[in-house]
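The values are calculated or read from the model by the stated rules, or taken from the named source; none is laboratory data. Predicted model, so just to flag it, every value in this text is computed and none were measured. Virtual Cβ from ideal backbone geometry, glycine too; neighbours counted across all protein chains shown. Only protein heavy atoms, including side chains, enter the accessible area calculation; ligands, DNA and RNA are left aside. Shrake-Rupley method; radii C 1.70, N 1.55, O 1.52, S 1.80 Å.
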Amino acid sequence: MVGLKEELLKSIWHAFTALDLDRSGKVSKSQLKASGAVLSHNLCTVLNVPHDPVALEEHFRDDDEGPVSNQGYMPYLNKFILEKVQGNFDKVEFNRMCWTLCAKKNLPKSPSLLSDEDAFKVWVIFNFLSEDKYPLIIVPEEIEYLLKKLTEAMGAGWQQEQFDHYKIALNTRREGLSAWELIHLIGSGQFSKGMDQQTVSMAVNEVFNELILDVLKQGYMLKKGHKRKNWTERWFVLKPNIISYYVSEDLKDKKGDIILDGNCCVEALPDKDGKKCLFLIKCLDKSFEISASDKKKKQEWIQAIQTTVSLLRAGSPPPHKEARQKRKELRQKLLAEQEEMERQMKELQMANEDKQKELETVRKQLEAAAARAAEEEKKRLQTQVELQDRFSLELEREKMVRQKMEEQVAQKSSELEQYLQRVCELEEMYKQLQEALEDEKQARQDEETVRKLQARLLEEESAKRAELEKWHLEQQQTIQMTEAEKQELENQRMIKEQALQVAMQQLEQLELERKEALEQYEEVKKKLEMAASNTKSWKDKVAHHEGLIRLIEPGSKNPHLITNWGPAAFTEAELEQRQKSWKGKKAASE
C-alpha cells in the first residue's frame, strides 16, 4: 500500500504544482482553497473515495490557528483521500486526470514526433521510473534504460557512444531530467533518427503496456472452446497473474480470463486435429488448449507463462518492477560508496596538505640557514687574516648543518612514502572490516532465526502443558461428579428403603385391621343368624295366631313392595338407601 501511495503522490504532485501562483511564487490561501477543492473532488471521483466537502472546509478555514499556514494541502490529501484508497480504481484514468491538469501549462510547444497520447504515456512512464524525491527527476541510468527499451521496440540499433556524450553533457549541468524535458528529448528524435511518428508511437505504446499495464506478452493465437470444441482466434494478453483474451487487439470485447497461480502449469502438446504448435495451460478448475502461429511463438509463450507462474510461486514482483528496484538499490549503493570514497579522499588531501606545510617549513628553514651562512661567510672574508682558520672551521660546520638538513628532508620524504603506504593498508583493512561486519550480520540473523524457533517450540510446549492440565482438571471434575451421583443414588436408596419399611408397617396394620373386621363380621353374621331364627319363630307364631288366609282389600294405586310378611312398610328409594348403607358397613368391616 505504501508503494501505491508513492505512485499516486507523483502524479498528484504534477497536478498540484500546476496551480496558479501569485507574484511572490507561492499559492495564496484563497487559491489553495479553491484549487484544492477542485483537485480533491476530481481525485475522489477517479479514486472511488467518498468526497467530504465539510472536512475540506474545516481543514482550510481562514483563522490564524488553521492548518493553511503551516501544513497546507498535503496533510488533507493524506488524511482524507490517500488513506481511504483501496486500489479498486482505474490507474490510467487517474493518471489521465492529473495529466489534464498539468499538461496544458507544461507540455512543450515545439514540433515533436510524439502525439498528445504518446506524450501522456511517456509522462506516466516518467512517474514510474523517477526518483522518490521532489522535485521529480529521472536520472541518466533510467533515461538510458527507457531509451534502450524504445530503441529495441522500434527494431533499431542502440547508439551507446552517442548516449555517453549526451550523459556527460547532462551530468555537467544537472542530476537528471524533468518529465517535460524527457518528453521533449524523445519527441525530438535525437535517439530515433530515421523513424517515423507511427513507429515511435508503437514503441511508446509497447513500453507503456509493459512497464505501466504489466503486460508481459501479447499476441494472436487460436483457442479451443470448452463447449463447442471449435478453434477461434483470440488476442491474448499475459499479465503477472492473469491471461485475458479478446476478440481483437483493440481490447474492447473481452471474452474471458485464465487466472494464474502457483498451482498452474503449461506443457507442450503434439500436433492433432490438423492443429500445430499446441500447448496446454492447466489450472485447478479447467485446462485450456492453445495453438500458436509457429514454433518460435509457441516456445516464447510457454517460456513467458512458466516464468510468470514461477514468480507467483516465489511471491516476486513482475520482472520490470524487480529490475527497477535493483537498479535503484545499486544506485544507492554506488552513491554511498562514492560518498565514502570522497570522504576518504578528503581526509587524504588534508593529510597531504599538512605534510606539504611541514615540507614548506623545512624549506624555509633551509633557505634561512643558507642566508645566514652566506652572511657569516661575507663577514669572515671581511675580517682579518688571523681569523681565516676560524672562519674555515665555521664554514665546515655550516656545511655539516646543511648536510644534516638535507638528510632530514630525505627522512621526511621517506616518512611521507610510508604514510601513503599506511593509507593503502588502512583502505585494505577497511574492506576486510566490511566483510567481517557482513559475516557478523549474517551470524546475528542466523542466531535470531534459531531464537525464534526456540520461542515457537516453547510456546507449543506451553500450549500442550496447558491442554494436559485442562484434561486433568476435566477428569477430576468428572470423578467428583461421579461421586456426587453415587452419593445421591445411595440417598435415594435409603429413602426408598425407609418408604418400604413404612409401607410394610402399614401393610401389617391393614392386616390386623382386616382380621379385626373379619372377627366383627363373624360376630355380626352370628347375630344375623340368631335374628333370623328369632324372626322365623316369631313369624310362625303370627301365622298361627292370625291364620294363613287374609281377605283381599283395596289398596293404593302406587306399586308396593311385597315382603314375606305382606306389603312392605317402606318405599323402593328407602330400600336402595339401606342397601348402600349395608354395603358400606360390609366394606368397612372387611
Cα lying deepest toward the dipole's positive end in the stretch 302-443, options Ala443, Leu395, Val409, charges on Cβ: Ala443
Accessible area (Å², 1.4 Å probe, nearest 10) - Tyr419: 80
Under-5 Å amide H pairs with Leu269, H placed in peptide plane, nonlocal only: Leu278, Phe279, Leu280
Accessible area in the full protein assembly, largest first, 1.4 Å probe, for Arg402, Arg234, Arg174: Arg402, Arg174, Arg234
Alpha-carbon centroids, the stretch 401-474 and the stretch 364-378: separation in whole Å: 57
Carbon + sulfur, % of accessible area of the chain - ligands and nucleic acids excluded, 1.4 Å: 53
Cα long-axis angle, helix 197-211 against the chain (0 to 90 degrees, to the nearest 10): 50
Solvent-accessible ranking of Thr383, Thr151, largest area first, probe 1.4 Å: Thr383, Thr151
Derived scalar couplings ³J(HN,Hα) [the stretch 228-243; Karplus, 6.51 cos²θ - 1.76 cosθ + 1.60; whole Hz; x for Gly, Pro]: 8, 6, 9, 9, 10, 7, 9, 8, 9, 10, 9, 10, x, 9, 7, 10
Per-pair calculated FRET efficiency, R0 = 22 Å: Arg372 and Ser392 via Cβ, rounded to 0.05: 0.80
Charge dipole (debye, nearest 20) of the chain; +1 at Cβ of Lys and Arg, -1 at Cβ of Asp and Glu: 2820
Amide H within-cut-off set for Lys239, under 5 Å, with H built and near neighbours excluded: Leu216, Ser244
Extension reserve of the Glu141-Lys404 stretch, reckoned as 0.36 nm per residue once the Cα distance is removed: 88.9 nm
Residue-by-residue Karplus 3J(HN,Hα) for the stretch 573-585, coefficients 6.51, -1.76, 1.60, Hz, glycine and proline x: 5, 5, 5, 5, 5, 5, 4, 4, 5, 5, 5, x, 5
Helix axis angle, 295-314 relative to the chain longest principal axis, alpha carbon, degrees: 70
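Of the cross-linked pairs Lys364/Lys399; Lys217/Lys239; Lys379/Lys404; Lys223/Lys297; Lys328/Lys441; Lys84/Lys104, which ones have a Cα-Cα span greater than 19 Å in the structure shown?
Among Lys364/Lys399; Lys217/Lys239; Lys379/Lys404; Lys223/Lys297; Lys328/Lys441; Lys84/Lys104, the Cα-Cα distance tops 19 Å for Lys379/Lys404; Lys328/Lys441; Lys84/Lys104.
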Segment Asp261-Ser316, extension gain: residue separation times 0.36 nm, minus the distance between their alpha carbons: 18.6 nm
For the stretch 165-306, convex hull of alpha carbons as volume per residue, Å³: 164
Exposure of Lys364 as accessible area (Å², to 10), given a probe of 1.4 Å and all protein chains: 120
Area accessible to solvent at Glu322, 1.4 Å probe radius, in Å²: 60
Top positive-direction residue, dipole computed over the chain with Cβ charges, set Val38, Leu312, Val247: Val247
Crossing angle, helix 116-129 versus the chain [Cα axis fit, 0-90 degrees, rounded to tens]: 90
Interchain or long-range residues, amide H under 5 Å from Cys283's placed H: Phe288
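With a 1.4 Å probe and every protein chain left in place, work out the accessible area per residue of the chain in Å², rounded to a whole number.
On the way: 41980 Å² over 590 residues.
In whole numbers, the chain has 71 Å² accessible per residue.
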FRET E, pair Gln160, Gln197, Förster distance 30 Å, beta-carbon r, rounded to 0.05: 0.75
Residue-wise HN-Hα coupling along the stretch 100-115, computed from phi with Karplus coefficients 6.51, -1.76, 1.60 (Hz; x: Gly, Pro): 4, 6, 10, 5, 4, 7, 10, 5, x, 8, 5, x, 8, 6, 9, 6
Pairwise label distance in nanometres, Gln477 with Glu428, each label 7 Å out on the Cα-Cβ vector: 7.5
Within the stretch 392-427, backbone nitrogen closer than 20 Å to the virtual label 7 Å beyond the Cα of Gln365 toward Cβ: 397-419
